[in-house]
1. Suppose each label sits 7 Å from its Cα in the direction of the beta carbon; what would the Glu153-Glu36 distance come out to in nanometres?
2. Highest first, please rank the peptides 9-20, 104-115 by the mean number of other Cβ atoms sitting within 10 Å of their residues.
3. Considering amide H positions built from the backbone, and no H for Pro or chain starts, which residues 5 or more places from Lys131, or on another chain, come under 5 Å of its amide H?
4. On a 28 Å Cα-Cα criterion, which of the cross-link pairs Lys35/Lys160; Lys95/Lys122; Lys95/Lys131; Lys2/Lys131; Lys18/Lys131 come out too long?
Amino acid sequence: MKPTVLLYNFTDSKRKMKVQQALMPLGFRLRAVTKEEYGLPVGVLAGVKGLNEDVLKEAGQAIEAVEETQKEESAQKQADGRMQREVPENDSSRKMDFSDEMAIMAGFSSAQIDAFIHALRKKGVGRIDYKAVLTPYNMKWDSVQLYEEIKKEHEMMTGKGKDEAL
């Protein structure tokens with residue numbers, strides 16, 4: 001797999017151009033992910049071979065199972081006369097959007113990660129707070145799930161969000 005960088009929410013055209021100019025000489029494939037693609041597994045977006053069909057089939061089955069469970073639970077509550085306003089606990093209740101910039105590196109060696117960071121620094125791109133490497137563990141996650149995890153880790157590492165937890 002060719003090293004690929006998934007880019008999210010780089011709306012400042014000058015900043016996006018700097019990122020492209022920094023990374024293209026390194027031979028990385030760059031892919032801007034659209035909001036419509038946020039529900040797809042990150043590994044599929046990165047082009048991981050063999051993941052497309054299996055993961056999409058699994059994701060479709062999981063969505064169908066969640067929807068069926070929701071229908072059954074809703075029907076049961078109505079039948080019991082205890083219909084309440086509540087937020088479902090499953091992933092379908094998540095907001096499938098975020099506006100922060102994020103970069104996901106797929107198929108990178110340790111040296112390529114270092115080169116990625118060095119090239120961005122050298123070009124004067126500035127910080128990209130939300131960065132991650134695609135792993136066997138997170139490749140089946142959708143973009144929002146990965147973003148939420150990276151954000152949580154970033155807040156823990158920087159000490160942000162401590163007041164909110166108290």
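1. Result for the modelled spin labels: 3.0 nm.
2. 104-115, 9-20
3. HN-HN under 5 Å from Lys131: Ala103.
4. Pairs exceeding 28 Å: Lys95/Lys122.
Rule-based calculations on the coordinates, nothing more; no lab input. The model shown is predicted, which means the values in this text are computed figures rather than measured ones. So basically every Cβ, Gly included, is an ideal-geometry build from the backbone, and we count neighbours across all protein chains shown.
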